[in-house]
1. Given R₀ = 25 Å, FRET efficiency for residue 41-residue 82 by Cβ-Cβ distance, to 0.05?
2. Give me the orientation-averaged projected area of the Cα convex hull of the chain, in nm², one decimal.
3. Stretched out fully, how many nm does the piece from residue 6 to residue 26 gain, at 0.36 nm a residue minus the Cα gap?
4. Normalising by the residue count of the chain, find the relative contact order in percent from Cα pairs under 8 Å and 6+ residues apart.
5. Just flag the trypsin sites (Lys or Arg not before Pro) in the range 7-93 sitting in loop per DSSP whose Cβ has no more than 12 other Cβ atoms within 10 Å.
6. How about the range 1-87: which GluC sites (Glu not before Pro) there are in a DSSP loop, with at most 15 other Cβ atoms within 10 Å of their Cβ?
7. Taking all protein chains as present, what is the carbon and sulfur share of the accessible area of the chain, in % to the nearest whole number, probe 1.4 Å?
8. Accessible area per residue, 1.4 Å probe, Å², for the range 23-108: what's the number?
Amino acid sequence: MYHEKSYRDLRRRRRRRVTALVVACLVVVAVVIGFGTVQQSLREQGAAAVRDAVLDSAMQCCAIEGSYPSSLDYLEQEYGLRVNHDDYVITYEAFAGNVMPSVVVVPR
């Protein structure tokens, strides 16, 4: 049996399609925003981990040699510290051999 679509049925169907499209767009936008937030959080956690690794290596050097190293390069060469310089900018400032150095790590 043939059932003819009324104008009201067509309008209702069109409204459902538009609603589904809007909801799909909102979901995509929410996922993109969430991904960006998670990515930023991971970059900050990575920077904190790099800072902790540099400070741990400096403390190990101080415990073995009796003074803090004067440069980050010394830690990389003598103590096996590996840092991804492409992803992080590291500022290592040593005031004196008996004072813990100041380490600042910033993600690029």
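The values are calculated or read from the model by the stated rules, or taken from the named source; none is laboratory data. Just so you know, these numbers come straight off a predicted model, no measurement behind them. Neighbour counts are summed over all protein chains in view; Cβ atoms, including those assigned to glycine, are modelled from backbone coordinates with ideal geometry. For the accessible areas, the whole protein counts, side chains as well, though only heavy atoms, and no ligand, DNA or RNA atoms are used. Shrake-Rupley method; radii C 1.70, N 1.55, O 1.52, S 1.80 Å.
1. The calculated FRET efficiency here is 0.60.
2. 11.7 nm²
3. Numbers: separation 20, 0.36 × 20 = 7.20 nm, distance 3.05 nm.
Working it through step by step, the gained length comes to 4.1 nm.
4. Numbers: 88 pairs, mean separation 24.2, N = 108.
Across the chain, relative contact order equals 22 percent.
5. On the way: sites: 8, 11, 12, 13, 14, 15, 16, 17, 43, 51, 82; in loops: 82.
Sparse-neighbourhood loop trypsin sites (Lys or Arg not before Pro): 82.
6. Details: sites: 4, 44, 65, 76, 78; in loops: 4.
Answer by residue number: 4.
7. Details: 4800 of 8440 Å².
It is 57 percent, rounded to a whole number.
8. Working: 5810 Å² over 86 residues.
I get 68 Å² per residue for the range 23-108.
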